Each structure stands twice: as C-alpha cells, then as structure tokens.
Amino acid sequence: MVKNVSKLKKMEDDYTRRTKPDLNKNFKLLDALYEEARALSVFPLKDPLEGLDVDIRIAKAINSVPKTP
C-alpha cells in the first residue's frame, strides 16, 4: 500500500521526464493488445453499432451538466 502519495507522484513525474517515448515499443504493445482482443473474440465487433444508443444517452447526460457551479 502506498503511504506517501506525493512522493510516488513525484517519482512517477521524474521517471516520465527522464525517459523518452519509444515508438517501436509502443507499437509492439498496441499490436499485442489487439491480438489479445482478437483472441478473446472482442475484435472484430459483430455489430459495430451495438450499444451506441447507451453511449449517446450517457453523452447527453454528461453534456447537460453545467460547466461552472
């Protein structure tokens, strides 16, 4: 369990600043995630529009909330 969240956040920020993004590594990760989704029969979608009505309802609810209190 993390006891000092601010130290962890600082450590993560320092690590992010020190390391450069590795494009090849990111593409390999993306390919692996895609293959895992295919293995789990998530992709390709049988019906791409399935659940769209729910997404639209959620988007309308979120967008109807005033931006300022």
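Number of residues in segment 12-30 that are part of a helix (DSSP H, G or I) and either closer than 30 Å to residue 2 by Cβ or basic (Lys, Arg) (or both): the value is 12. Selection of segment 31-49 for residues being assigned to a loop (DSSP other than H, G, I, E, B) and not aliphatic (A, V, I, L, M) yields 41, 43, 44, 46, 47, 48. Among the residues making up segment 59-69, a single one is under 19 Å from the mean Cα position of the chain (by Cα) and surrounded by fewer than 10 Cβ atoms within 10 Å (Cβ to Cβ): 62.
Coordinate-derived values only; no laboratory data. Source: prediction; values computed, not measured. Using ideal geometry, Cβ is built from the backbone for each residue, glycine included, and neighbour counts are taken over all protein chains shown.
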